[in-house]
Structure formats: C-alpha cells, structure tokens
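S.K.: Sharing a structure below in structure tokens format, with a few things to ask.
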Amino acid sequence: MHELSIAKGMMANLRPWLDEQGEDVRIGRIVVKAGPFRAVVPEALIGAWEVVRMEHPKTEESVVEVDSSFIEVKCRACGHVWNASRATFVCVKCGSGELEFGGGNELFIEDIEIINEDDKAR
Amino acid sequence: MCLTCGCGNPEDHEHEHNHEHDHPHDHSADPIGQDLLAANNKIAQHNREHLRKMGAFMIHLTSSPGSGKTALLEATIDKLKERFRIGVIEGDVATENDAVRIRKMNIPSQSIMTDGACHLDAHSVHHALGHLAEDGEFDLIFVENVGNLVCPADFDLGEDYRVVLVSVPEGDDKPEKYPPIFRRADCMVVSKTDLLPYVDFDVDRAVKHARTITPRLRLFKLSSKSGEGLDDWISWIESIVPK
C-alpha cells in the first residue's frame, strides 16, 4: 500500500502551487501518468487520494484518474517492437526471450482540471 | 533545523541552505510533470550528501520477508568488522528482533519500526542516520528494508547501491512476478543456495529474467549459512567501499 505515500508525495508537489492560486480555485480532476515499473494500483491511489486530498481546501473535491502508460518492448532476435502493459519475457512475434525494455518508469501529474475557470490562475 | 543531524529539516530542506546563487524557487514549481516522489527523492539526495560528510557508504538490502537479509548481514559483518566501521539500520513493521541480532555482534544498529507501513522512506532513514551518528563514526552502513517485494521498489533511501535478494525456496520466477524491484536494483543476490539440492530453483532462469529487466544487474549466488559464494560478495563490497 505504497500508494498512500505516493498520494502524500502528490500533495507535497501540489501544495506550493495550490497556495499561490486564487482563493476561489478548486481542483476537480487530477490525471496521473503511471508506468508499469512504478507498481501503482489505480484503485489504491484513487482511494489514498480521497484521504490525502482533505489536507488542502482547494483539493477537497478533487479526484484522481490514472492514465497507465506502457513498457516499450524490443525483441533482439526479430526486431519486433511493441507496447506492453506489464513486463513480459517472450516475444509476441517470434517467441524469443531476448528482449529489451524501455520506459515504464513514469509517475507524474499529467493534467489538472480547475473547476472555477474564472479564477484560473495558470 | 533538524534535531537529528543539525543539517536542516529534510522535509523543508530547500528553505534552510544559504542562497548565494539564484535558482528557481521551489514554491512556484509547476506540479505537472514532477515525479510524485520528488519530495522523497530530494531527502534521499540529502542523505547522500550527509553520508559523504560522514565519510560513509550505504548499501540497501531489500527482498521478501524471510529471504535471509539479516543472515547475510551477520555473515558480512563477521567478515568485514575488522576492516570497516559498520553500522546498520533495520526496518521492520514490528519488533526490534533484527536490530537485536546485529547488536549482539557489537555493531551499532538503529531500528525503524514502521507500525504497519510496508516500506522505508528517505525521511525515516535520515532520522536513523542521525541517531546512528551518535554511536560513532562509520565507513559502511547497511539499511535492511521491510520484507516486501513490491512497495520498497519506488523509494530511494539515499543508498549508494541497492541489493535485492531472492532465496531459492521462494521460487525462480520472482523477477517475472515482481519486475519493479529488480528494475531499480544494482545487484541481485540468490541466497540460501545450500538448499538448491532440495528445491526446484533454476538459477539461470531467474538471472535471465532479472537481467532482461535490468541488464547491468550484478549477480551473487551464496549461502550465508554454509559460506558458499560469500567470498565474491565480500570482495565486491571491499572493492566499492572507499577506505
């Protein structure tokens, strides 16, 4: 359940920016990009955020949406390249186990939806 | 000011150092695109700076519960205690059992009881380093994380090297089942090799999959109980720790 720590980390990233926004600003949706190598369970992060969001008045109504990214897998035997939602160890085209992984380490806020557009300060 | 090491509260460290140069002020940082563990990573970097000032080198051991982390520490300390001043930080959900085992070898050991948390973070290690420093000076510090093959993967503690153990009774498919912890590791130790005759553990399979995840992964095969393979492990530590 490291998602609670990740949710707290998200608040640590957001707090200085939130403090600089107008009084009436409220955050609606926060889209988090998460790669397979970060082992984030979307439901667990969404649930953890429901606790942590109460630490700042501007996020009390906010919800997290997880945008899962992929690992780019390359087969060294046949050259086939594909996107996988989790680490895989057999080439989907030729069956070789000689693979390379790229990416999949992402974990960051991709987009923030501000509810009160009139007070949007960014 | 941090009470444990006097080097500034690591949770708020950017406000404590002298600003003799201009740089973007953290308060205006755009949260979009920042790693969600940026705060932990900043404290981890601070731990590294703290270790350099101490003149110490830190190795982080992580694995499932029961894979032999503490036994490996005991065997390692036994071989290296005359050469290096060693300290240990022991993470566990409950009990100081592992720290007590280390203290019985007359080695200073700080216990971090997480009370339910499934991993250590840089902040808890920062405090433990501060307390450890009260016990003397160190060349080599080990951190043993909470036994867990999932949650510790993401958290940089400020270590110089991260070592993941897989014991042979656990099964050779651990790298396939738990890729993230191998993605962030520098070394893999296949432990309890004295049990290989009694279990179906294909070392080549485990290594192949672990190195698919992290090609540069350094490998050790050893038994802390029989001593088989320990010399390679000890030689590697001797080669990386500045002395």
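The values are calculated or read from the model by the stated rules, or taken from the named source; none is laboratory data. None of the values given here were measured: they were computed from a predicted structure. Quick reminder, even Gly has a Cβ in these numbers, built from the backbone with ideal geometry, and neighbours come from all protein chains shown.
S.K.: Kindly indicate which of B:R211, B:R205, B:R216 is assigned to a loop (DSSP other than H, G, I, E, B) and within 14 Å of another protein chain (Cβ to nearest Cβ).
M.R.: The conditions single out B:R216.
S.K.: Return the only residue of A:A44, A:A12, A:A48 being at the interface with another protein chain (Cβ under 9 Å from one of its Cβ atoms), small (G, A, S) and closer than 25 Å to B:G116 by Cα.
M.R.: Checking each option against the conditions leaves just A:A12.
S.K.: If you don't mind, another one. Being within 11 Å of chain B (Cβ to nearest Cβ), part of a loop (DSSP other than H, G, I, E, B) and modelled with pLDDT under 95, is that true of even one residue in the stretch A:101-111?
M.R.: There is no residue in the stretch A:101-111 that is within 11 Å of chain B (Cβ to nearest Cβ), part of a loop (DSSP other than H, G, I, E, B) and modelled with pLDDT under 95.
S.K.: Filtering the stretch A:80-90 down to residues that are within 11 Å of another protein chain (Cβ to nearest Cβ) and without any contact (Cβ under 8 Å) to a residue 24 or more places away in the chain, which residue is nearest to the chain's Cα centre (by Cα)?
M.R.: Once the filter is applied, the top-ranked residue is A:T88.
S.K.: Given the conditions (1) away from every other protein chain (no Cβ under 14 Å); (2) in a strand (DSSP E or B), which single one is not true for B:G91?
M.R.: Answer for B:G91: the failing condition is (1).
S.K.: Further, regarding this structure: Just the residues that are more than 17 Å from the chain's Cα centre (by Cα) and more than 9 Å from chain B (Cβ to nearest Cβ), please, taken from the stretch A:16-27.
M.R.: Correct list: A:Q21, A:G22, A:E23, A:D24, A:V25, A:R26.
S.K.: When the residues of the stretch B:119-161 are narrowed to those that are within 14 Å of chain A (Cβ to nearest Cβ) and of a type in the set (D, E, K, R), which ends up farthest from the chain's Cα centre (by Cα)?
M.R.: Among those residues, the one meeting the criterion is B:D154.
S.K.: Could you say whether any residue in the stretch B:133-145 is modelled with pLDDT under 95 and not in a loop (DSSP other than H, G, I, E, B)?
M.R.: So far as the stretch B:133-145 goes, yes, one or more of its residues are modelled with pLDDT under 95 and not in a loop (DSSP other than H, G, I, E, B).
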